1. Treating only the Cβ of Lys, Arg, Asp and Glu as charged (+1, +1, -1, -1), what charge dipole size does chain A show about its Cα centre? Round to the nearest 20 debye.
2. When you look at the Cβ of every residue in A:24-36, what mean number of other chain Cβ atoms sits within 10 Å?
3. Enumerate by residue number the trypsin sites (Lys or Arg not before Pro) in region A:50-154 meeting two conditions: DSSP loop (anything except H, G, I, E, B), and at most 14 other Cβ atoms within 10 Å of the site's Cβ.
4. Starting from the 7 Å offset along Cα-to-Cβ, what nm value, one decimal, do you get for the label separation of B:Glu34 and A:Arg55?
5. Run the numbers on region A:6-146 and let me know its relative contact order in percent, using alpha-carbon pairs under 8 Å that are six or more apart.
6. Just list whichever of A:Lys37/B:Lys144; B:Lys111/B:Lys144; A:Lys12/B:Lys111 have alpha carbons separated by over 24 Å in the model shown.
7. Using amide H atoms built 1.01 Å from N in the peptide plane, name the residues 5+ places from A:Leu61, or on other chains, whose amide H lies under 5 Å from its own.
8. Taking all pairs of different Cα atoms in region B:19-154, averaging 1/r and flipping that mean, what Kirkwood radius in angstroms comes out?
Number of protein chains: 2
Amino acid sequence: MVAGPTSTGPGKERLRLWIRLLRASRTIEAELRERLKKEFDTTLPRFDVMAALYRSPEGMLMSDLSRFLLVSNGNVTGIVDRLVSEGLVTRARRNGDRRTSMVRLTEEGTKAFARIAAVHEGWVGELLGGVSEEEAKRLTGMLKSFRSNWEGRE
Amino acid sequence: MVAGPTSTGPGKERLRLWIRLLRASRTIEAELRERLKKEFDTTLPRFDVMAALYRSPEGMLMSDLSRFLLVSNGNVTGIVDRLVSEGLVTRARRNGDRRTSMVRLTEEGTKAFARIAAVHEGWVGELLGGVSEEEAKRLTGMLKSFRSNWEGRE
DNA sequence: TTATAAAACTTTAAGCTTGAAATAATTGCA
DNA sequence: TGCAATTATTTCAAGCTTAAAGTTTTATAA
């Protein structure tokens, strides 16, 4: 997936774009993962879950997290398990629907996330430093709509 | 990593861009992974390795693959192991330097990859259909240089 | 009411991924 | 030469990831 196009033709430019996109996100992701590990002894998936919860103080269902983070249900189960065992989030059974549980950041989790997020934002600014603020806006706009063509077709 | 910015300020636009970038690549990657599995009973990592080897008929060292694909050495070992057991690649010990081995696609592997790559290119064209050829060129250009700021600094 | 289906979640097996430690071969240099 | 450092690769433990199967609870509807 990170290799170059194997042919020429109409789809070539989009294939090139996809390869660039993937290399860029893998490179940045690898750097962020390494720094999160070294500086805060945590992982990207844990950070992702905490970031989602930070935006929802009222809590999120497991299925909300799964949908929002674009990962499978079983995946979320494992990550939340570990966050619970670290005292950073809680899983509270609900009275209304006993199949579901509400996941929330603990006070400790909230503090920990806020501390990490501030540094994290600085890292992203650094790693994307080659892109001007203006370009960043344009790129963001282009990426916003790319899915419309195919998602939800089935 | 796929959640929104938690603050406002100078780095905000780049953080937004990073989140879009990541969501875009994760969405496309998930779709491609699913199709590769369903249509060809293979995986994205196997496809990546085969794509790299397809471009190098003379073969690649394990460390070449690792560097090129942006993944760890140990990772490549496992993927190549599986490809070898499926008869799609070979690992040949070298006379010159007996620490290394040259990895090559077998004839079967070459045929299999060519078949998959053609369909894959069509998928990417479809999934990125919302981006015009012109935009694709511009985006590719912007992504090409983003690393220059920080890589190789240590 | 009571089967049946649907929904929310967990478990499982297989594979991917990393960083660190272990192995083996080569290189450099005293 | 001989031995320390380097290089290429594999092994390992832990965690991430998915798809599929399983469990429990809720909703539907005959």
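Since every read-out is calculated from the coordinates, none of them should be taken as a lab result. The shown structure was predicted, so the numbers you read here are calculated from the model rather than taken from an experiment. Here the Cβ positions follow ideal geometry from the backbone for every residue, glycine too, while neighbour counts run over all protein chains shown.
1. Taking the Cα centre of chain A as origin, the dipole is about 480 debye.
2. 4
3. Passing both the DSSP loop test and the Cβ count: A:Arg55, A:Arg94, A:Arg98, A:Arg99, A:Arg153.
4. 2.1
5. 19
6. Distance filter (> 24 Å) returns A:Lys37/B:Lys144; B:Lys111/B:Lys144.
7. Those lying under 5 Å, H to H, from A:Leu61 are A:Val103.
8. 16.8
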